[in-house]
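Okay, structure first, notes after.
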There are 2 protein chains.
Amino acid sequence: MRDQFHEDLDTITDQLVELTRLAGSAISRATTALLDADVQLAESVIEADKQLDEIRISLDNLSINLLARQQPVATDLRIVVTAMHMSSDLERMGDLARHVAKVARLRTPESAVPPQLRSHILQMGQVAEAIVAKCGSIIASKDVEAAAALDKDDDAMDELHRELFAVLLDEERDLHRTTVLDLALIGRYYERFADHAVSVARRVVYLVTGEYDSEVSYDHEEVEDADVIAEIERNS
Amino acid sequence: MRDQFHEDLDTITDQLVELTRLAGSAISRATTALLDADVQLAESVIEADKQLDEIRISLDNLSINLLARQQPVATDLRIVVTAMHMSSDLERMGDLARHVAKVARLRTPESAVPPQLRSHILQMGQVAEAIVAKCGSIIASKDVEAAAALDKDDDAMDELHRELFAVLLDEERDLHRTTVLDLALIGRYYERFADHAVSVARRVVYLVTGEYDSEVSYDHEEVEDADVIAEIERNS
């Protein structure tokens, strides 16, 4: 039989996986709500975000109690500290999905996304969904190689984000001011969603290897908007 | 003579205050670089961000070592855990200042900010500078009342952000597509900067009172873009 301490550690892992599931469901439904201008679906995403917040708080409380009562060291300490960072990233991913849903709700009965950008936003949603699903598997399996491979999905997101900005910056395109602003924000939400997922995966690497290498940033280095814009403008 | 443990705790507090100083300097210089189209100043902000990252890593390492070696409980445990969350917020504030500096650099020799919005962006910079300076005092003094009062500065930032979006959404205004995109992003950077400062202040409250109240979010609830846009559109 496992002791209470290790049962608590398992609970932490389970709750982190549950957070990835909820964040994945949220971004998937937010994307559909956005494209289909589905106000009920948008509302349900906004409402469901509270669940992520609650799990995050309960997870943090459990972590602090574990630190206080059990005073873990070595790997056990790393699991607890890392869990606190990961829950913070995952809660933020839920917030970003909620932001997407709020823009969806704002524009109903229209869709915030004009026809020529629909398939583009759909792709961003699909990459976001895939990346957070992988995140869940990585947390459960502690698969360091899969964690490293997540950078590729993030590159795909960065490229989609770059293409979106290129459309928005193109003065030849007839876009409403509201569309430019809505989509600049939406693009950033998806991009940040993927960045936080990469951060979570990197923390799993830290957990397994125990190396908190000062050369590597455990917060994912985001591709910065200004660099993306600069590249678009050089190429146009 | 204080013991090593309490000296380490003092070091943590000192480093957090130093992070607020660096973030304040960064956002102040980034705003000037943006308004004056000063490429050297922008470069210096981008370069200086590494210092924040380094202090954050050293602070997190110190915290983890403290947890492992000293196994603190009660208030001491809270200080260490809270410090990890605060350093994460403060590093992110440095990132956001760097983002502003990168947009500044991108647009030189022009300013990214058109003449009619200069005083507006200047105000956003000033509020950001004030809020992070107060954050530093609050960390040093553990003044719970001052921490609560920070919400007012954040309200001022929210209002400036709202006014900026109203200008960007006004189709009557003759603005380049690049200006709309640049300023939508810049507005969000300043706004998020203030949000993270409020989070830091709330964590000081947790530190002092010890109440990790599930009713209160310790991550500051940001005013969401879609809600801001909805309000602007209702009023226009």
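The values are calculated or read from the model by the stated rules, or taken from the named source; none is laboratory data. Quick caveat: nothing in here was measured; it's all calculated off a predicted structure. Positions of Cβ are backbone-derived with ideal geometry, glycine not excepted, and every protein chain shown enters the neighbour counts. Protein only, heavy atoms only, side chains kept; ligands, DNA and RNA dropped before computing areas. Shrake-Rupley method; radii C 1.70, N 1.55, O 1.52, S 1.80 Å.
Descriptive notes on the structure:
- Solvent-accessible ranking of B:Val200, B:Val167, largest area first, probe 1.4 Å: B:Val167, B:Val200
- Heavy-atom surface analysis with a 1.4 Å probe gives the protein assembly as shown a carbon and sulfur content of 47 percent of its accessible area.
- Considering helices alone, the calculated mean residue ellipticity of chain B at 222 nm is -29500 deg cm²/dmol, with DSSP H runs of length four and up weighted by -39500 (n - 2.57) and normalised per residue.
- Against chain A, whose longest principal axis comes from its Cα atoms, helix A:144-169 is set at around 20 degrees.
- Chains B and A together bury roughly 4900 Å² of accessible surface, counting both sides and using a 1.4 Å probe on protein heavy atoms.
- At least 40 Å² of accessible area lost relative to the chain alone, listed for the stretch B:147-187 with a 1.4 Å probe: B:Leu169, B:Glu171, B:Arg177, B:Val180, B:Leu181, B:Leu185
- Minimum 20 Å² accessible area buried by the other protein chains, the stretch A:67-105 residues, probe 1.4 Å, relative to alone: A:Leu67, A:Ala68, A:Gln71, A:Val73, A:Leu77, A:Val81, A:Met84, A:His85, A:Arg92, A:Arg98, A:His99, A:Lys102
- Karplus-derived 3J(HN,Hα), 6.51/-1.76/1.60, for each residue of the stretch A:230-236, Hz, glycine and proline x: 4, 5, 4, 6, 5, 8, 9
- Neighbourhood net charge (13 Å Cβ-Cβ; Lys/Arg +1, Asp/Glu -1) for A:Gln70: -3
- When all protein chains stay in place and ligands, DNA and RNA are ignored, the 1.4 Å accessible-area order of A:Glu224, B:Glu233, A:Glu172, largest first, is A:Glu172, B:Glu233, A:Glu224.
- Degrees between helix B:177-209 axis and first principal axis of chain B (Cα, 0 to 90, nearest 10): 20 degrees
- Mean-square fluctuations from a GNM of chain B, with a 10 angstrom spring cutoff on Cα atoms, peak among B:Thr20, B:Thr179, B:Thr32 at B:Thr179.
- In sequence order, calculated HN-Hα J values of the stretch A:66-74 (Karplus, 6.51, -1.76, 1.60; Hz; x Gly/Pro): 4, 4, 6, 7, 9, 6, x, 10, 6
- Only the Cβ atoms of Lys and Arg (+1) and of Asp and Glu (-1) were treated as charged; on that basis the dipole of the protein assembly as shown about its Cα centre amounts to roughly 240 debye.
- Anchor B:Lys134: lysines whose Cα lies under 29 Å away (excluding residues fewer than 8 positions away in-chain): B:Lys50, B:Lys102, B:Lys142, B:Lys152
- Note that the protein assembly as shown presents 40 Å² accessible area per residue, ligands and nucleic acids not counted, probe 1.4 Å.
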